[in-house]
Amino acid sequence: MASIEIRHLKLIDTVAEVGTLKNAAEKLFLTQSALSHQLKELESRLGTQIFYRVNNQLVFTTSGKELRDASKEILERLKQAESTIQEIDQDHMKDYIHGYSREETTRLNDQANSIAELLHWDSKWKEGSLILEAGCGVGAQTKIIAKNNIDSTFVSVDLSTASLEKAEASIKEHDIKNVEFKVADLLNLPFKDNHFDHIFVCFVLEHISQPKEAIQELKRVLKPGGTLMIIEGDHGSAYFYPDSLSAQKVVQAQVTLQEQKGGNANIGRSLYPLLFDSGFKNITISPRQVYVDDSKPELLDGFIKNTFTAMVRGIAEEALAKKIISKEEMNRGINDLSKTAEGGGTFCYTFFKGIAIKE
């Protein structure tokens, strides 16, 4: 049987939208006879009737409804992929090491959920605060901090419109109503001076080449007396049992790749000097260590498998292409990392949470 083509999906989607052969033909810039021919061709390929014709209206059969729903979903995914690819092609999006795939969205949410209590037990602000979340991504952290501060208002910004769409969908799914999303560049925020009561940044500075400049821009839009809260990881803090030189090389491969793109996967250890050099006062840095062994089964999957190992696996192709690591070492390293989530294994990683006040 010949395969269905994109033009057939567009045809079905258009008919579903406008209802008649005439209107569909006009919208697709086809003659009615040409459109009718395509419909017959499609029904012939599928070996089933797709439409009933009732008083000039095209009514979907049961099979047609199935095709209608599939067409809509596929076309929406193609449109989203096209938008994301266009974004990635822009200079300011190329350096995000992990990409914007569905798998990465899942990983980010698994990470946020698995260590929410560790990172966010104190992510709380005074009621009525206006809070900027800079670099919200797909909303993995947004849904946690916004829900914990329902009497405050969040403005969550990101460069990626595709990520913001996912963030908005997540917030809607969780029935959270105190968040507004905007497209914005962290180095050139579209807000006036001294605008926000507090600012929150999580897993963002590691990806940019000018973290000090970003902090200065955040400071500009923060009110005097307001707080800047930053959470970052540090890959140099990762250690595990059984120990493995290959696993260590895999982790270092990500550090190297991120460095080549202008980022710093070990930025957590430098939060204090970054904040101090930016003129902040009353700086406190709190290490948040994730330790996993067999007594914590929820973290075996949520953090080791679905977060850290998935993160390393996600950069494998690019690391191999740039000859940062060999394929044999990469495969052995990922396999050894996976073993730390099996019986008798342990895993350690430290995040750093900094809170500072603008005088």
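Below is a table of values for the structure above.
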{"item": "Spatial extent of the range 265-331: Rg and Dmax, with the Cα atoms as the point set, Å", "result": "17.3, 48"}
{"item": "With all protein chains modelled, accessible area of residue 183 [1.4 Å, Å²]", "result": "80 Å²"}
{"item": "Positive-pole candidate from 81, 35, 114, dipole of the chain, charges at beta carbon", "result": "35"}
{"item": "The chain, accessible area per residue, ligands and nucleic acids excluded (1.4 Å, Å²)", "result": "50 Å²"}
{"item": "Solvent accessible area, Å² - residue 256, 1.4 Å probe, full protein context", "result": "40 Å²"}
{"item": "Total charge dipole magnitude, the chain, about the Cα centre, Cβ charges on Lys, Arg, Asp, Glu only, Debye to nearest 20", "result": "480 debye"}
{"item": "Debye-sum result for the chain in log10 I(q)/I(0), which assumes one identical scatterer on each alpha carbon, at q = 0.10, 0.14 Å⁻¹", "result": "-0.74, -1.10"}
{"item": "Contour minus Cα-Cα distance for residue 34 and residue 342 (0.36 nm per residue)", "result": "104.8 nm"}
{"item": "Listed residues 235, 314, 48: farthest to the positive end of the dipole of the chain (Cβ charges)", "result": "48"}
{"item": "With all protein chains modelled, accessible area of residue 221 [1.4 Å, Å²]", "result": "0 Å²"}
{"item": "The range 320-359 and the range 201-264: distance between their alpha carbon centers, rounded to Å", "result": "13 Å"}
{"item": "With every protein chain in place, the chain: carbon and sulfur % of accessible area (1.4 Å)", "result": "50 percent"}
{"item": "Reciprocal mean inverse distance between Cα atoms of the range 140-296 - Kirkwood radius, Å", "result": "17.6 Å"}
{"item": "Linear extension gain, residue 328 paired with residue 49, 0.36 nm per residue minus alpha-carbon span", "result": "95.2 nm"}
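The values are calculated or read from the model by the stated rules, or taken from the named source; none is laboratory data. What you see is a predicted model, and the numbers here were worked out from it, not measured in a lab. Ideal geometry is used to build each Cβ from the backbone, glycine not excepted, and the neighbour counts take in all protein chains shown. For the accessible areas, the whole protein counts, side chains as well, though only heavy atoms, and no ligand, DNA or RNA atoms are used. Shrake-Rupley method; radii C 1.70, N 1.55, O 1.52, S 1.80 Å.
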